[in-house]
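**Q** The following block contains the structure, expressed as structure tokens.
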Amino acid sequence: LEVLRVGRAFSQQCPLQELPASLGALTGLTMLYLGSCTALTVLPESLGALTGMKTLHLEDCRALTALPESLGALTGLETLNLESCHKLTALPESLGALTGLQTLNLESCEELTALPESLG
């Protein structure tokens, strides 16, 4: 499996509240799309095992409060879309390890008050 799309099916919001830790077993995943999973509050640490991930879309995950520190292991990540993650209060310090990151969208992340020092 290379692409996993969850959410915005039939113009409805995704009711998903959490992702299983077994998500980390999908090591061939290059794109994870979780748009409009408005009840999703946290992502599993196993997300860091998806080292082939290039695109992570989390826009409109309004209840998401934090990202796992393991996110920094996704060194091939090119796009991280966090638009409208209204309750996101901080980004992990490990974000600075994402050397391949080309696009970081933080639009409408109203609770986010600072960026990690590691981003320079």
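**Q** Can you tell me which of 72, 28 is outside any loop (DSSP other than H, G, I, E, B) and modelled with pLDDT of 95 or more?
**A** The conditions single out 72.
**Q** What is the number of the single condition among (1) touching a Cys at 6+ places or on another chain (Cβ under 6 Å); (2) part of a strand (DSSP E or B); (3) not acidic (Asp, Glu) that residue 36 does not meet?
**A** (2)
**Q** Another question, then. Given 80, 112, which one is open to solvent by less than 50 Å² (accessible area, probe 1.4 Å), under 20 Å from residue 38 (Cα atoms) and not in a loop (DSSP other than H, G, I, E, B)?
**A** Residue meeting the stated conditions: 80.
**Q** From the list 45, 18, 59, 2, exactly one residue is in contact with a helix residue (DSSP H, G or I) (Cβ under 6 Å, 6 or more places away or on another chain) and either exposed (fewer than 12 other Cβ atoms within 10 Å of the Cβ) or not basic (Lys, Arg) (or both). Which is it?
**A** Answer to the selection: 45.
**Q** Right, next: Which residues, counting only those in region 39-59, are among the polar types (S, T, N, Q) and either at pLDDT below 95 or assigned to a loop (DSSP other than H, G, I, E, B) (or both)?
**A** Of everything in region 39-59, those that are among the polar types (S, T, N, Q) and either at pLDDT below 95 or assigned to a loop (DSSP other than H, G, I, E, B) (or both) turn out to be 41, 51.
**Q** Another question, then. With the requirement that a residue be more than 22 Å from residue 21 (Cα to Cα) and assigned to a loop (DSSP other than H, G, I, E, B), what does region 91-109 give you?
**A** 99, 100, 101, 102, 106, 107, 108, 109
**Q** Quick check on region 83-102: of everything there that is of a type in the set (S, T, N, Q) and within 19 Å of residue 51 (Cβ to Cβ), which residue is surrounded by the fewest Cβ atoms within 10 Å (Cβ to Cβ)?
**A** Filtering first and then ranking leaves 99.
**Q** If you take the residues in region 62-77 that are buried (at least 17 other Cβ atoms within 10 Å of the Cβ) and among the aliphatic types (A, V, I, L, M), which one is farthest from residue 119 (Cα to Cα)?
**A** For region 62-77, the residue satisfying everything is 64.
The values are calculated or read from the model by the stated rules, or taken from the named source; none is laboratory data. Fair warning: this is a prediction, and the values are worked out from it, not measured in the lab. As a convention, Cβ positions derive from the backbone with ideal geometry for all residues, glycine included, and neighbour counts pool all protein chains shown. Areas reflect the complete protein model, heavy atoms only, side chains present, ligands, DNA and RNA absent. Shrake-Rupley method; radii C 1.70, N 1.55, O 1.52, S 1.80 Å.
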